[in-house]
1. How many of the residues in region 10-37 are surrounded by 15 or more Cβ atoms within 10 Å (Cβ to Cβ) and not charged (D, E, K, R)?
2. Check region 22-43 and report whether any residue there is part of a loop (DSSP other than H, G, I, E, B) and within 25 Å of TRP81 (Cα to Cα).
3. Taking region 49-68 on its own, how many of its residues are touching a residue at least 24 places away in the same chain (Cβ under 8 Å), exposed (fewer than 14 other Cβ atoms within 10 Å of the Cβ) and more than 13 Å from ALA32 (Cα to Cα)?
4. Quick check on region 69-87: of everything there that is part of a helix (DSSP H, G or I) and of a type in the set (S, T, N, Q), which residue is surrounded by the most Cβ atoms within 10 Å (Cβ to Cβ)?
Amino acid sequence: MHSAVRHKTTANAGKISDVRALFPPYREALAATGRMMVRDTQQGVDVPSRSPGKPSDVGSVLSSRHYKSVWNMSHAALESWKAKDSV
């Protein structure tokens, strides 16, 4: 795992491996969800704060619980961008 501050973890090698395996799907889902949100915003479609779809809608292999985190992160980034753009 990478961190800005080095630290020791009590997680075993299997858990660390499982977490590392989530990074690529998260990255892909964040990119796809972000593109979808920007497209919808540009077309004048209101992007809901809660995910209206499923992970498979953006081709993600993440669970619904993990995709909820992706949606929340993407929505927060979009709202931040819109607020900064309107200043």
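1. 9
2. The first filter runs over region 22-43 and keeps only residues part of a loop (DSSP other than H, G, I, E, B), leaving 43.
Cutting the leftovers down to within 25 Å of TRP81 (Cα to Cα) gives us 43.
Yes, that holds for at least one residue.
3. Counting residues in region 49-68 that are touching a residue at least 24 places away in the same chain (Cβ under 8 Å), exposed (fewer than 14 other Cβ atoms within 10 Å of the Cβ) and more than 13 Å from ALA32 (Cα to Cα) gives 1.
4. Here is the first cut: in region 69-87, the ones part of a helix (DSSP H, G or I) are 69-85.
Subsequent filtering for residues that are of a type in the set (S, T, N, Q) retains 69, 72, 74, 80.
Values: SER69: 14, ASN72: 13, SER74: 23, SER80: 10.
Checked region 69-87; the qualifying residue surrounded by the most Cβ atoms within 10 Å (Cβ to Cβ) is SER74.
Coordinate-derived values only; no laboratory data. Note that the structure is a prediction, hence the values are computed from the model and not measured. Note: ideal-geometry Cβ built from the backbone for every residue, glycine included; neighbour counts use all protein chains shown.
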